[in-house]
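What follows is a short report on a single structure.
Every read-out reported here was derived from the displayed coordinates using simple, explicitly stated rules and does not represent laboratory data. Since the structure is predicted, the reported quantities are computational estimates derived from the model, not experimental observations. Cβ sites come from the backbone with ideal geometry, for glycine too, and all protein chains shown count toward neighbours.
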Amino acid sequence: MGMLALNEVGMSARVFSRNVQERTKPMTPEQNKTAEKMTTVKAAWDKAPAGPKKDAALKHYQAAEKANTARNDAETNKELDAATHALA
């Protein structure tokens, strides 16, 4: 293995280690609340009959997932509220 290959392995290991550390940090109470809300909305969406309301809710739920991935709790909750409203 050449020096470049060893360096690439070392860098990959550090990046992996940092990502694992970020994922294993305890969630804040707000993050726990948002995660619980996502689970609840997803369950309601799963039980909803097919139709335009379910389609609209799916778009909001997907936007909530994207916001959650970006760690934007305010936007996540806004989209989850919109998904809940769409299912009503």
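List of remarks:
- Residues in segment 27-57 that are among the aliphatic types (A, V, I, L, M) and within 14 Å of the chain's Cα centre (by Cα): 27, 35, 38, 41.
- Whether a residue is touching a residue at least 40 places away in the same chain (Cβ under 8 Å), charged (D, E, K, R) and on the phi < 0 side of the Ramachandran plot was assessed, and residue 55 does not pass this test.
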